[in-house]
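Structure first, commentary second.
The values are calculated or read from the model by the stated rules, or taken from the named source; none is laboratory data. Just so it is clear, the structure is predicted and the values come from calculations on it, not from any experiment. FYI the Cβ positions are ideal-geometry reconstructions off the backbone, even for glycines, and counts take in every protein chain you see.
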Amino acid sequence: MKVYVRFKPTETPISHKLLHPSSSSTSSDSPPPLTQSLNLSLPTSSPTFTFPTGGILDGDTSQDMIYRQTTEHCAKLCTEGVASCVFAYGQTGSGKTYTVTGGSQYDERGLIPRAITDVFQHLSKKEGESKVYVSFIEVYQEACYDLLDQEKRLKKLEEWDKIQTKEDSNGELTLEGVRVYECDAEESALSLLFLGNMNRITSSTKMNLASSRSHAIFTISTTRTVGKKVETGKMHVVDLAGSERSGKTNDIVSEFKLKDHFVKNERRKSESVDINLSLHYLQRVIYSLQLSSPHIPYRNSLMTQILKSSLGGNSNTIFIGCLSLESENVQESLSTLNFLTRCGSVQVKYSRNISTKHTSSTLTEEIKSLNKKLKEKEDALNAVTKKMEKLKGVNRELKERVEAGPVTEKIPFPIISNQLVSYLRRSASTVARPESSRF
Ligand SMILES: Nc1ncnc2c1ncn2[C@@H]1O[C@H](COP(=O)(O)OP(=O)(O)OP(=O)(O)O)[C@@H](O)[C@H]1O
Ligand SMILES: [Mg+2]
């Protein structure tokens with residue numbers, strides 16, 4: 001997996017003293033370095049984390065540069081029949097949603113809107129018939145909801161329709177009834193992104209005024225048909241809910257709102273526990289993949305189950321770890337960097353998904369062959385049924401004979417006739433003998 005670390009710009013000088021991104025210096029004639037190191041100057045230790053060159057994106061890096069460095073390639077691959085997945089990972093308030101969706105200004109638009117633009121642009125230059133589809137879901141407290149449900153904002157949480165999940169024979173999870181919209185232009189895909197973001201569960205916490213309380217998965221799928229060949233590309237962009245330490249993220253409560261404060265705080269606590277638990281399960285999956293364990297615990301959480309093929313399947317997967325360089329966030333920053341280092345050592349493989357188009361003539365041929373097979377099976381079944389009927393008849397006859405009581409010994413006809421013949425023969429010979437020789 002490719003990994004990147006992005007620093008959120010901070011105003012407090014302390015944070016700049018804590019983390020010093022550094023890259024090894026090289027002379028002009030030596031080849032460029034393959035890796036960059038990040039050294040943290042902490043009061044008790046100074047750990048160093050190593051990333052591939054270009055993997056460390058400091059606070060001055062523009063949204064455009066972040067996109068070009070991390071996700072641009074995934075958007076291109078999406079139009080070439082390859083599946084990709086981009087995860088934004090990090091503690092609450094570290095800039096995941098800002099990275100993925102963007103800020104309020106046009107220049108600040110995030111990875112998803114930029115990827116949408118590129119996907120349409122790439123496809124417009126390619127031959128064949130192309131289609132683009134969009135879906136947007138969120139995983140909240142181990143349940144999956146459709147963010148493109150127009151009614152969602154009008155309903156209470158308890159009334160939302162949960163997306164039903166089903167595991168197929170390959171252990172892949174299918175989501176039943178998720179809205180997948182075909183988009184004929186960039187604008188329609190962008191308006192779906194906007195609708196989904198409006199529908200997403202957020203809360204004001206001490207750490208973030210609009211903290212995401214769910215994991216959101218935005219998916220762009222493409223198909224491109226040239227002749228009989230169909231290329232199917234996919235790209236998930238995952239904005240994870242942020243890890244948080246309890247107490248750090250409690251609600252912001254004004255005094256006149258104290259009435260429902262208790263209820264809200266209880267919900268916040270259970271959300272927090274759930275977010276941390278699902279991130280813990282994500283870490284477990286990455287840990288097992290890193291060790292190439294025979295069993296990867298995808299089933300522990302809904303999010304890892306849904307994204308199974310992005311984590312350990314056929315996918316070009318990247319992680320962007322967001323860091324907030326405040327001194328009070330040292331533990332969270334260390335945890336994010338350790339996680340990214342693990343992700344970086346997981347090997348991923350991906351290939352192009354190309355299939356053959358089912359034209360009406362190929363479908364007719366398939367139906368013919370299936371009908372022939374069906375006829376053969378039916379004939380075999382009929383033969384078995386006939387045999388069974390015959391056996392039933394024999395069985396019935398035997399039953400009747402048993403019910404009729406013990407069978408009285410009857411001398412079968414051929415025996416009688418043989419006896420009769422030998423009797424007659426004997427009689428005849430007796431007649432031929434003289435009277436005295438009788439007995
Ligand atoms: N690189 C950045 N440049 C400018 N502002 C940023 C940057 N990163 C984050 N911010 C701002 O910081 C605040 C928190 O960011 P964001 O909501 O993206 O955090 P988050 O990681 O998604 O948190 P949570 O896990 O709670 O959802 C937002 O107001 C956002 O605009
Ligand atoms: Mg967020």
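Of all residues in region 305-345, those satisfying the criterion of being at pLDDT 95 or above and aliphatic (A, V, I, L, M) are I306, L307, L311, I318, I320, L340.
For P47, the test of being modelled with pLDDT of 65 or more, touching a strand residue (DSSP E or B) at 6+ places or on another chain (Cβ under 9 Å) and of a type outside the set (S, T, N, Q) is passed.
Return yes when T232 is in contact (Cβ under 8 Å) with a residue 24 or more places away in the chain and either in contact with a helix residue (DSSP H, G or I) (Cβ under 9 Å, 6 or more places away or on another chain) or surrounded by 14 or more Cβ atoms within 10 Å (Cβ to Cβ) (or both) and no when it is not. Against the criterion (in contact (Cβ under 8 Å) with a residue 24 or more places away in the chain and either in contact with a helix residue (DSSP H, G or I) (Cβ under 9 Å, 6 or more places away or on another chain) or surrounded by 14 or more Cβ atoms within 10 Å (Cβ to Cβ) (or both)), T232 qualifies. Where residues in region 104-124 are within 10 Å of ligand 1 (Cβ to nearest atom) and surrounded by 13 or more Cβ atoms within 10 Å (Cβ to Cβ), which of them is farthest from V86 (Cα to Cα)? Checking each candidate, the answer is E108. Only residues that are out of contact with any strand residue (DSSP E or B) (no Cβ under 7 Å at 6 or more places or on another chain) and not in a helix (DSSP H, G or I) were counted across region 308-326, and they come to 2. Across region 209-232, the qualifying residues are those that are among the polar types (S, T, N, Q), in a strand (DSSP E or B) and within 16 Å of ligand 1 (Cβ to nearest atom), and the one among them that is farthest from L157 (Cα to Cα) is S211.
Within region 128-152, residues that are under 15 Å from L307 (Cα atoms) reach partners that are in a strand (DSSP E or B) and aliphatic (A, V, I, L, M) with beta carbons closer than 6 Å, at six or more positions or on different chains, in the pairs I137/I217; E138/A216; C144/I137. Residues that are out of contact with any Leu (no Cβ under 9 Å at 6 or more places or on another chain), modelled with pLDDT of 95 or more and either under 14 Å from F136 (Cα atoms) or among the aliphatic types (A, V, I, L, M) (or both) within region 152-202 comprise E182, A185, S188, A189, L190, S191, L193, F194, listed in sequence order. One residue stands out in region 159-187 among those that are hydroxyl-bearing (S, T, Y) and free of Cβ contacts under 8 Å to residues at least 12 places away in the same chain: the one that is farthest from I217 (Cα to Cα), namely S169.
If only residues of region 83-118 that are of a type in the set (V, I, T) and touching a strand residue (DSSP E or B) at 6+ places or on another chain (Cβ under 6 Å) are counted, the one that is farthest from ligand 2 (Cβ to nearest atom) is V86.
In the set (1) closer than 25 Å to N314 by Cα; (2) within 12 Å of ligand 1 (Cβ to nearest atom), the condition left unmet by E72 is number (2). Of all residues in region 232-246, those that are modelled with pLDDT under 95, in contact with a Lys or Arg (Cβ under 9 Å, 6 or more places away or on another chain) and more than 16 Å from ligand 2 (Cβ to nearest atom) total 1. The residue pairs whose first member lies in region 205-227 and is more than 23 Å from E244 (Cα to Cα) and of a type in the set (D, E, K, R), whose second member is more than 9 Å from ligand 2 (Cβ to nearest atom) and part of a strand (DSSP E or B), and whose beta carbons are closer than 7 Å, counting only pairs six or more residues apart or on different chains, are R224/S130; R224/E231.
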